[in-house]
1. Give the calculated FRET efficiency between Asp141 and Glu227 to the nearest 0.05, with a Förster radius of 30 Å applied to their Cβ-Cβ distance.
2. Where in the stretch 241-277 is the amide nitrogen less than 20 Å from a point lying 7 Å along the Cα-to-Cβ axis of Arg314?
3. Could you give me the percent of Cα pairs per 5 Å distance bin for the stretch 278-363, shortest bin first, beginning at zero and ending with the bin that holds the maximum distance?
4. Run the simple label-point estimate for Ala400 and Ser296 please: 7 Å along Cα→C-beta, distance reported in nm.
5. Asp163 versus Lys207, label points 7 Å from Cα toward the beta carbon: distance in nm?
6. Can you compute the FRET efficiency between Glu130 and Arg381 using 1/(1 + (r/R0)^6), with r the Cβ-Cβ distance and R0 = 41 Å? Round to the nearest 0.05.
7. So what does Thr348 come to for accessible area, using a 1.4 Å probe and Å² rounded to 10?
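The values are calculated or read from the model by the stated rules, or taken from the named source; none is laboratory data. Please read all numbers here as calculations on a predicted model, not as lab measurements. Reconstructed Cβ throughout: ideal geometry from the backbone, glycine too, with neighbour counts over all protein chains shown. Just so you know, the surface numbers come from the protein's heavy atoms only, side chains and all, with ligands and any DNA or RNA stripped out. Shrake-Rupley method; radii C 1.70, N 1.55, O 1.52, S 1.80 Å.
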Amino acid sequence: PLFEPVADEACGEEPAASASSAPAPEAPPEVAPEVGATFDRSLPGAGPIAAILLVDFHHLQGTVIEWCHPLPAPRGGGRGDVMEPFPALDVWAARPGGAGALAPAALERAAHHIAALALPEGMHKSRWGETASVFFVLPLDGGLLYGVSCHRSVRADDLLHRDASVSRSTVQKAVCVLSRVPFFGLLQQRISPVTEALFDQRDFRCKQLLDGFFAQLDSVPFERLSEGEMLLGLDHSALFRGLGHEVLAILKSVLLEAKVVVFSDSAEICSRAVLSLLMLLPGGAWFGFNSDGLGSRHHHFRKYGLPLRCFGERYGVYPYLGLQMLDTLLQMEGFLVGTTNRMLVERTAPDVLIELSADDVAQPEVCRVHMQNRDLRQLTRCTSADKAWMAESLAQLEAAAPVQRPVAHPASAEQPRAPVEQSHGAGGSAVSAAQVVPVTPVPASPVELSVPEGVPTFAMDDDSSDAGAESESPPSRGRRGARGDQRSAPDPIHWLLGRDTPPGSRRPPP
């Protein structure tokens with residue numbers, strides 16, 4: 001079931017009296033199970049960080065795990081194993097006292113899938129000299145491991161040491177962290193500068209940097225961090241601007257367990273889009289994880305049966321998935337996945353296909369949603385009320401977080417100069433094109449504007465020139481300041497995340 005009904009005692013209702021007069025035996029008091037995650041950091045690999053890996057692209061073997069800590073690197077195992085089924089995500093299930101360290105046999109079985117996910121397909125399309133990221137989840141031993149990988153390329157001629165495996169002009173490697181906590185954005189912000197520092201060494205034999213980084217990252221108290229830290233670095237505003245009211249249709253499709261695929265040439269874009277969609281579901285980004293840091297949500301989530309149990313063995317969610325995991329998807333009735341492979345899209349025949357550009361997701365013209373199932377299109381069609389609500393939501397989102405786009409040609413403070421075309425004088429000498437002559441700017445003539453007769457004009461309440469007419473002009477209904485008894489407009493992010501009243505429920509100001 002998607003949710004469990006609330007108990008009668010929780011609603012304040014007394015249970016009905018039994019028809020039998022015999023008193024029931026007293027049951028021992030139930031002890032609430034421990035649902036918060038606990039870690040034993042005294043054992044290597046038993047903390048929140050299971051392992052840190054260095055993944056390399058070999059010209060003969062493909063993606064391989066070159067180095068691993070604290071476990072030894074696997075040696076070519078797991079290539080014929082199928083990925084384990086997706087586990088049921090239940091945040092209220094009792095958990096043992098400690099998760100235990102990652103077994104070397106389990107890492108050996110999943111080595112091929114980890115390497116393929118850490119170095120995604122199409123990574124050669126990334127911009128040269130920049131560090132790109134990818135987020136993924138891996139079912140292992142009945143649970144989930146959360147992976148964050150930062151990959152980069154370097155020219156082979158720039159390396160201080162080249163081993164026998166380097167046979168191409170470029171070297172592609174990735175620093176991957178396997179964790180037991182779904183803090184994707186927080187981990188990515190810490191892994192990215194470490195990856196850049198590793199590549200700046202130009203010698204991948206030096207692993208001391210990664211050893212120290214593992215110890216520092218494993219000491220972070222993830223089990224006490226709040227939900228805001230979990231969602232750090234994951235922004236769904238770009239998805240709202242790019243898809244508009246289609247976001248509602250996509251969420252309806254996920255709740256109906258449809259096959260939803262997010263495609264993009266960038267693995268980071270598609271994996272971020274999947275995580276952004278999960279953020280719109282209450283507790284969807286928890287991935288079955290629970291801790292004492294999320295205690296502020298426990299009361300209301302338990303009361304209303306949240307988070308919804310949408311994902312399990314029948315319906316899985318993968319922020320990124322490669323072609324090697326195609327057999328896993330074909331065994332499911334539905335899924336929500338991100339991919340960069342067109343062949344995977346064609347073989348899975350999704351009900352909903354979301355195509356995102358690798359440049360800017362916030363541009364509506366580069367975001368397309370294809371509803372390829374006619375019945376699903378009828379069920380998820382947005383009504384006029386849905387579109388009006390989304391239009392109001394987007395307007396408030398623009399007011400709270402306007403898009404700041406860079407100017408293509410910023411104005412220069414220096415005097416503009418125009419190049420002189422190359423020409424030959426009478427003596428046959430050529431004038432260099434680099435020579436420039438100053439251009440005298442022409443002052444713009446003032447433009448006089450007049451208001452036609454019969455057109456009413458209104459004065460703004462913050463116009464100092466019309467201070468005397470303040471009593472005659474109606475008050476403005478825009479954003480109010482913080483002076484006096486005026487209050488600021490509600491933050492749209494709060495009510496989008498369920499922290500405030502929905503739009504339209506507040507009375508308009510007098």
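1. E between Asp141 and Glu227, to the nearest 0.05, is 0.70.
2. Answer for the stretch 241-277: 251-261.
3. With 5 Å bins starting at 0, P(r) equals 3, 11, 20, 19, 15, 13, 10, 7, 2.
4. 1.5
5. In this crude spin-label approximation the distance works out to 0.9 nm.
6. That pair, Glu130 with Arg381, gives E of 0.55.
7. 10
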